[in-house]
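First up is the structure itself, then whatever we jot down about it.
The values are calculated or read from the model by the stated rules, or taken from the named source; none is laboratory data. The model shown is predicted, which means the values in this text are computed figures rather than measured ones. Please note: Cβ atoms are built from the backbone with ideal geometry, for glycine as well, and neighbour counts cover all protein chains shown. Side chains included, ligands, DNA and RNA excluded: accessible areas come from the protein's heavy atoms. Shrake-Rupley method; radii C 1.70, N 1.55, O 1.52, S 1.80 Å.
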Amino acid sequence: MSDTSADLVILGGGSGGYACAFRAAELGLSVIVVEKDKLGGTCLHRGCIPTKALLHAAEIADNVREGDQFGVKSSLEGIDINGVNSYKDGVIAQLYKGLQGLAKLNKVQMVEGTGTFVAPNSVDVNGTRYTGKNVVLASGSYAKTLPGLDLGGRILTSDQALNLDYVPERVVVLGGGVIGVEFASVWRSFGADVTIVEALPRLVPLEDEYASKQLERAFRKRGIKFKTGVRFTGATQTGDAVTVSLESGEQFEADLLLVAVGRGPNTAAMGYEEAGVKMDRGFVLTDERLRTNLPNVYAVGDIVPGLQLAHRGFQQGIFVAEQIAGQNPKVIDEAGIPRVTYCKPEVASVGLTEAAAREKYGDVQTLVYDLAGNGKSKILKTSGGVKVIKAPDGPVVGMTLVGERVGELIGEAQLIYGWEAYPEDVAPLVHAHPTQTEAIGEAFLALAGKPLHVHG
């Protein structure tokens, strides 16, 4: 094929786009990827990787500050934010270089520029038309704001927050979802006074209520303030502060207002609707096999309604590549996609919340194993627990974990959910001691009717 035609043209080089490109190339298809910024997209450059680097730096700051409780004489002299940013940017640069190498290795043709979907099989980039037997829309998402709330100055989104060259003394975080609580956690560890404002009744409102209660308790202990169930009404800036007003009449003055109200689909002015793609509030609608209403046109990642997670887009990209190659891959179970919020403590979950499970199954069985009974968690001085939700006379349909480092446990929880395991299937499995994975083992021992380290 020519340099402007291929088996597959992908509009967007983020997690979904590049995963689709690499897998398609492995399967022998020719691939063109159009990307206006950098390969790796939001996740690598403005999302998952940089935020988790900041969170690791924050964890180290807390460990230094709290060294005495472990018998280690240490004190925190301060945060060198330039050093933190250098570390963060170094991680990004290494991963970006690796992705570029993989693109070359897989002979994926990269086209730099803003792409517009102009026909069911074509993408236009600066007047050049790239034509594919198949087209994948993978244009990602952007940080949203609220109507009437202008960004700029002391009002910023996560995009700008990632590159601050100072640690603010006072911050108001608008939004108590994943992005909001992660930045609140970082800034508190760096020494800032933090207040979260969330319109819904609890923090991380999409998670199980158990997780919200555990996180709120931990945040109170850390001195992170939050206002839930109250709406934001406005913000005014002066030279050295921003004043945030709430519907309750309360006002908060801060150095910065972080707007963390979610992300929107990056589909405006990209030609999707004009070319006939079926849309809903900016999202691209697909069937369960990620096919749009146009023949041989697919969509993956944040522009498809559902969880806006990098690993969801990544898996969808692989799925679409295999679908195009005729491999008939298994449909992705959206509820089986693991979710992790990397604040302190972490929240990790897979499957249904208790509320969703009760709505689907009626009466369900639940069990919470408290990390107070887990040796490694005691060593780490973390609290939290493992909550398991079981369908009546059926398998496990959901799990939620709260505690430091529990994001590393979600893999086993995903397998338990994905294989529709019963407590009796998991209880005999041997978990290494002392590890936090034992908490999962203990939870299933208890659920199978043979509890050991269970208190109360």
I'm trying to understand the selection: among the residues of segment 60-105, which are surrounded by fewer than 10 Cβ atoms within 10 Å (Cβ to Cβ) and of a type in the set (Ser, Thr, Tyr)?
Ser75
Go through (1) farther than 22 Å from Val320 by Cβ; (2) of a type in the set (A, V, I, L, M, F, W, C); (3) open to solvent by less than 10 Å² (accessible area, probe 1.4 Å) one by one and return the number of the condition Val123 breaks.
(1)
Just to be sure before I move on: is Gly234 over 29 Å from Cys43 (Cβ atoms), in the same structural domain as Val181 (by the TED database), of a type in the set (Gly, Ala, Ser) and assigned to a strand (DSSP E or B) in the structure I sent?
yes
Identify, from the list Ala443, Ala439, Ala413, Ala421, the residue that is part of a loop (DSSP other than H, G, I, E, B) and either touching a strand residue (DSSP E or B) at 6+ places or on another chain (Cβ under 7 Å) or more than 18 Å from Val347 (Cβ to Cβ) (or both).
Ala421
So which residues in segment 325-382 are small (Gly, Ala, Ser), out of contact with any Gly (no Cβ under 6 Å at 6 or more places or on another chain), modelled with pLDDT of 95 or more and not in a helix (DSSP H, G or I)?
Ala325, Gly326, Ser349
On the basis of being within 26 Å of the chain's Cα centre (by Cα), open to solvent by less than 30 Å² (accessible area, probe 1.4 Å), modelled with pLDDT of 95 or more and among the aliphatic types (A, V, I, L, M), does Leu258 make the cut?
yes
Yes or no: segment 19-31 includes at least one residue that is basic (Lys, Arg) and at pLDDT below 95.
no
From the option list Ala348, Ala325, single residue qualifying as surrounded by 20 or more Cβ atoms within 10 Å (Cβ to Cβ) and aliphatic (A, V, I, L, M) is Ala348
Which residue is farthest from Ala6 (Cα to Cα), if the candidates are limited to segment 77-122 and must be part of a helix (DSSP H, G or I) and charged (D, E, K, R)?
Lys88
Testing Pro392 on (1) assigned to a loop (DSSP other than H, G, I, E, B); (2) closer than 30 Å to Tyr18 by Cβ, one condition comes back false. Which one is that?
(2)
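What residue, of Ala61, Ala53, Ala57, is over 21 Å from the mean Cα position of the chain (by Cα) and either outside any loop (DSSP other than H, G, I, E, B) or under 23 Å from Leu307 (Cβ atoms) (or both)?
Just one listed residue meets the conditions, Ala61.
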